[in-house]
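Where a number appears in this text, it was derived from the coordinates with a stated rule and is not lab data. What you are looking at is a predicted structure, and each value in this text was computed from that prediction instead of being measured. So basically every Cβ, Gly included, is an ideal-geometry build from the backbone, and we count neighbours across all protein chains shown.
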């Protein structure tokens, strides 16, 4: 997976001693997106973005502040190189699209500060959006420290936002925040959003100038912290913010530090005239680092049975896990997750027995671990086994010898630079022992599953478990399902742990059975952990169980069909020659949709949706007309899945 650079360099030479030199326009290959860079009086770098000649980002600020020098004002523009054509094809083991391609123009703005030291701002503009990062091209063995980043995004007047608040570090249950598990503000005027000391997490969705915009960032290459968004000075402005001082690995760095040369993570702006431009895009992985040389074929995507979702701690015992392994085998699912406290409630000897039983049934076991450290007070175990390379090697060697296929690591401590490194340390050691990794109580993946394909999922969402904890979250499942393809699940795997056809113990489930089934298609996760239990699955019709056996988690193609974030959504995903159309209606009225289906008349599909009540199912045949159109009705809180299979030629 190499980046292919085709040089088509244009160098804009600027007069020596000139601090400003007009606007530099940087266009996408198709010309629809134009980024305009400029230096204001005083040498402050700024930019703006238009889409089809309409202002989307009216003014964004740029720059960094290092402890030894400032690079956000007093700058001199020396030259601009570009456009350089960037072309790349790559493959993802799981996600919305197996074979992805990236085509962009790269422009490099060469600046220098008052001290004469160089800083570059690199822009890459593709037909899907833009990305920019900073680079200090000098060479120095001395550690440099960035104390603030000035990057901002000033949206057009009237901009709307779909954003997730960020919890304050070391708050919540056992001081386990921040874990990206708050409920979204939906379709709110950005100008009305008050400044919040905790900020908002990536990815965030906006509608600005009639254009849909997703903001996110790439994973740092062991030289930066994870960032989030804060309200800027302008009413419609968001800006980059750094973690809180407590968000590091014990004794490790929180804020960015590195030797030179030094390139920062990409700030990624994806845009289009419909929300489907984001739902179909791979922009978030396009900017991720390709994997290191190695063999990742062992990292198999799949589905998993999981007792804890509905049955909680008491289910983690030998007999129950034996039953769930049999359940996974019966459903044809690839994995079974054994959750918290297994080291004491089951013990190593009986885990070995379960591993042998699972292997005989062609089911891989995944075992839970506490990330431990001093960042929270969670007592679940095993804990303290992953904190050092030496302890990980010992633990992972034992797991590999037993045939364990993966680990779930929970309760990480934020976005500090050393904590972001800790994720990669775990992934690197797990790779050597052929273990897949799922992270919970975690940050956002930021394309990390491309760099480390053994990362099959991360939580970073207020998912199913919270619907069983409080009614407020249960009430929001349908509206959240219509939003996540454009926000949290736009580019990265998300372990929401979907699909429950039975009732919760303490709260009322408000989603219909068809909607729950649809989540298996709408949500992307390299390993999809299903919440439903063996006894619950036994109560649904045979045709539902058969579909749950068939729905894959890795897709060859994804198409946005219709939808509006927070209201309703219909996506189509293809695996091989089989198409699945899935939709959810979060509105209060029945929704009638005319859908464009993959095959014009002659090839029928099978639709499963709610029956007479939200707690029932019905199955029917869908036959597209001669132009490939069909009408579908979705009841409030309901959903559907349609399966089409194109006969082999």
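By the Cα gyration tensor, the stretch 469-530 has an equivalent ellipsoid whose semi-axes, rounded to whole angstrom, run 20, 13, 11 from largest to smallest.
For the chain, count all C-alpha to C-alpha pairs, find those more than 32 Å apart, and express that count as a whole percent of the total.
49
How do 449, 228 line up, fewest other C-beta atoms within 10 Å first?
Exposure proxy ranking, most exposed first: 228, 449.
Full extension of the segment from residue 631 to residue 260, taken as 0.36 nm per residue of separation minus the current Cα-Cα distance, would add 127.6 nm.
On the principal axes of its alpha carbon atoms, the stretch 207-360 extends 58, 44, 37 Å, with the longest extent given first.
Binning all Cα-Cα separations of the stretch 129-268 at 10 Å, short to long from zero, yields these whole-percent fractions: 11, 39, 33, 15, 2. Between the stretch 342-372 and the stretch 48-115, what's the alpha-carbon centroid distance in Å? Computed from Cα coordinates, the inter-centre distance equals 46 Å. By the compact-protein rule of thumb, 2.2 N^0.38 Å, the alpha-carbon radius of gyration of the stretch 344-433 corresponds to a ratio of 1.13.
So for the stretch 560-645, averaging the separation of alpha carbon pairs under 8 Å that are six or more residues apart and normalising by length, what relative contact order in percent results?
Once divided by the residue count of the stretch 560-645, the mean separation gives 35 percent.
For the stretch 519-611, the C-alpha radius of gyration divided by 2.2 N^0.38 Å, with N the number of residues, is 1.16. Listed from fewest to most Cβ neighbours within 10 Å, the set 409, 46, 584 follows the order 46, 409, 584. Taking every Cα-Cα distance in the stretch 93-195 and sorting them into 5 Å bins starting at zero, the pair-distance distribution P(r) comes out as 2, 8, 10, 12, 13, 16, 18, 14, 6, 1 percent. Return the tail of the calculated pair distribution for the stretch 144-216, meaning the percent of Cα-Cα pairs more than 20 Å apart. Summing the P(r) tail past 20 Å for the stretch 144-216 gives 39 percent. In terms of the mean number of neighbouring beta-carbon atoms within 10 Å, the peptides 249-262, 301-314 order highest first as 301-314, 249-262.
Calculate for the chain the 222 nm mean residue ellipticity that helices alone would give, adding -39,500 (n - 2.57) per DSSP H run of length 4 or more and normalising by residue count, nearest 500 deg cm²/dmol. Don't skip to the answer; put the middle values down first.
Numbers: 15 runs with 116 residues, N = 649.
Per the formula, -4500 deg cm²/dmol.
In percent, rounded to a whole number, the relative contact order of the chain is 12, using alpha-carbon pairs under 8 Å and six or more apart.
Report the rotationally averaged projected area of the stretch 4-286 based on its alpha-carbon convex hull, in square nanometres.
15.8
Entry note, the stretch 505-617: relative contact order of 31 percent, from Cα contacts under 8 Å with a spacing of 6+ residues. Here the spin labels are modelled as points 7 Å beyond Cα on the Cα-Cβ line, and at residue 88 and residue 577 they lie 3.4 nm apart. When each of 193, 570, 527, 578 is scored by the number of other beta-carbon atoms lying within 10 Å, the sequence from fewest to most is 578, 193, 570, 527. Model label sites at residue 195 and residue 504, defined 7 Å from Cα along the beta-carbon direction, differ in position by 3.6 nm. Quotient of the Cα radius of gyration of the stretch 42-104 and 2.2 N^0.38 Å, N being its number of residues: 1.68. With 5 Å bins beginning at zero, the pair-distance distribution over Cα atoms of the stretch 560-645 amounts to 3, 15, 26, 26, 18, 9, 2, 0 %.
First obtain the Kirkwood hydrodynamic radius of the stretch 376-529 from its Cα pairs, then insert it into the Stokes-Einstein equation at 37 °C and 0.692 mPa s, and state the resulting D in µm² per second as a whole number. The Stokes-Einstein estimate is 196 µm²/s.
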